[in-house]
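Student: Starting off with a structure, shown below.
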Amino acid sequence: MVIRRYEDLFLGIGTLLAFLLGWELLAYSGWVKPIFISSPSRIWRAGQWLFAHGFWNDIRVSLMEFSAGLALALLIGAPLGVLLGWYGRLRAMFDPLLTAVYATPRVAFVPLLILWLGIGVQSKIAVVFLGAVFPILINISAGLRSLDETLVRCARAFGANNRQLFVTVALPSSLPFLVAGMKLAIGRALVGVIIGELVASNAGVGHMMSVAGATFQTDKVFVGVILLAGFGWTTTALIGLLEARFNAWRPANSASG
């Protein structure tokens, strides 16, 4: 098992290095103009220049928007998901509205959010919130609707009332779904940050990428893309560790929403 793990690691690193080398050679050969695809060495130099000229502030702004929007989505989405999953009538009342909003592309709300909240960080936080809240809400609601019937019957047989059933069976069973929803929400939150900053902003990673793209500075655009990809991969991997830990609590016949 250990040998296989290291073998997979070396294969992944080797494939990445081969890709970077091929990319560098393709740009160096002149077959394709660097203005379109750049190259790893040019991206590295562009990254050094950006970090030496205030790029940390853009990262700080985007990270603040991401963190605030995701935290707000968790604080609101988790309780709402619990309520909608536990109370069938409440779910029947709000399900059509939530489905309609969820089906609407988040980018359609950006002009309204900018109109209401301006081009500052508030509108970006709102876009991140709209992208992240639904995966959390829907997954928790699905988790509470797919409780293990054996556990429910067992708890009832021992005289558990609704409150005890909720605390001892329903909430623990919903934790794997919450973690899975967070895993999806991270990707949606990153998309929300970039969409908000691309449309209207005066700082942030998306703002830098928008300015660089408009002035044909492909190297700087790739710096933003790689930074976002690395951050998304890291946070998703950390959530994945939690998901693997809580998957043992997931009912065998359930699926996340």
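The values are calculated or read from the model by the stated rules, or taken from the named source; none is laboratory data. Because the structure is a prediction, the values reported are computed rather than measured. Neighbour counts are summed over all protein chains in view; Cβ atoms, including those assigned to glycine, are modelled from backbone coordinates with ideal geometry.
Student: If you check ALA108 against the conditions, is it without any contact (Cβ under 8 Å) to a residue 60 or more places away in the chain and hydrophobic (A, V, I, L, M, F, W, C)?
Tutor: yes
Student: Same structure, new question: Are any of the residues in the range 168-184 loosely packed, with under 15 Cβ neighbours inside 10 Å and either of a type outside the set (Val, Ile, Thr) or at pLDDT 70 or above (or both)?
Tutor: yes
Student: Take the range 12-46 and flag every residue that is under 20 Å from GLY213 (Cα atoms) and of a type in the set (Val, Ile, Thr).
Tutor: Hits for the range 12-46 are VAL32, ILE35, ILE37, ILE43.
Student: Are there any pairs, at least 6 apart or on different chains, whose C-beta atoms fall under 7 Å, with the first in the range 166-192 and under 30 Å from VAL61 (Cβ atoms) and the second surrounded by fewer than 18 Cβ atoms within 10 Å (Cβ to Cβ) and modelled with pLDDT of 85 or more, and if so, which?
Tutor: Sorted first by the residue in the range 166-192, then by its partner, the pairs are ILE186/GLY232; GLY187/GLY232; LEU190/GLY232.
Student: Here's another thing I want to ask about it. Out of the residues in the range 94-109 meeting the condition of being over 20 Å from GLY192 (Cβ atoms) and surrounded by 12 or more Cβ atoms within 10 Å (Cβ to Cβ), tell me which one is modelled with the lowest pLDDT.
Tutor: Applying the filter and picking the extreme gives ASP95.
Student: Can you pull out every residue in the range 34-65 that is charged (D, E, K, R) and in contact (Cβ under 8 Å) with a residue 24 or more places away in the chain?
Tutor: ARG42, ARG45, ASP58, GLU65
Student: Taking ARG42 as meeting all but one of (1) surrounded by 12 or more Cβ atoms within 10 Å (Cβ to Cβ); (2) charged (D, E, K, R); (3) farther than 15 Å from ILE226 by Cα, write down the number of the exception.
Tutor: Only one criterion in (1) surrounded by 12 or more Cβ atoms within 10 Å (Cβ to Cβ); (2) charged (D, E, K, R); (3) farther than 15 Å from ILE226 by Cα is unmet by ARG42, namely (3).
Student: State whether the residues of the range 218-225 include one that is among the polar types (S, T, N, Q), part of a helix (DSSP H, G or I) and at pLDDT 85 or above.
Tutor: Yes, the range 218-225 contains a residue that is among the polar types (S, T, N, Q), part of a helix (DSSP H, G or I) and at pLDDT 85 or above.
Student: Next question. List pairs: first in the range 217-232 and free of Cβ contacts under 8 Å to residues at least 60 places away in the same chain, second charged (D, E, K, R), Cβ under 9 Å, 6+ apart or cross-chain?
Tutor: Short answer, once both residue conditions are applied: GLY224/ASP58.
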